Amino acid sequence: MDMSVAAGYYDNRYWVMWKLPMYGCTNPDEVLQEIRACTSAFPECFIRVAGFDNIKQVQCSSFLAHRPTGDRTFAPVNGRQVGTQQGGGGGGGGGGW
């Protein structure tokens, strides 16, 4: 097994919270306001929004709301190709098994 594509146990599983969860929030403008405030406070950080089901107590959605301007880890869909990453890194092919 190619160890360069095996993620560590804690990789990308824990993020620092901006504030306490917005339990009972039904106004999307409040969420957008918090995203803007967080982006202003931390412009060079990744900002992720996570949504939870209050009945089942599970995460039901999550998305990246802000990416730092200097980030080079993203490639547009038309710029991606399976199996061409240099140095490992996972994500869809290349073998190693």
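The values are calculated or read from the model by the stated rules, or taken from the named source; none is laboratory data. Bear in mind the structure is a predicted one, so any value in this text is a computation, not a measurement. So basically every Cβ, Gly included, is an ideal-geometry build from the backbone, and we count neighbours across all protein chains shown.
All conditions in (1) assigned to a loop (DSSP other than H, G, I, E, B); (2) exposed (fewer than 10 other Cβ atoms within 10 Å of the Cβ); (3) modelled with pLDDT of 70 or more hold for MET22, with the sole exception of (2). Scanning region 27-64 for residues that are part of a loop (DSSP other than H, G, I, E, B) and either at pLDDT below 90 or surrounded by 12 or more Cβ atoms within 10 Å (Cβ to Cβ) (or both) returns PHE42, CYS45, PHE46, ASN54, ILE55, GLN57. Taken over region 35-71, the criterion of being within 15 Å of the chain's Cα centre (by Cα) and of a type in the set (D, E, K, R) is satisfied by GLU44, ARG48, ARG67, ASP71.
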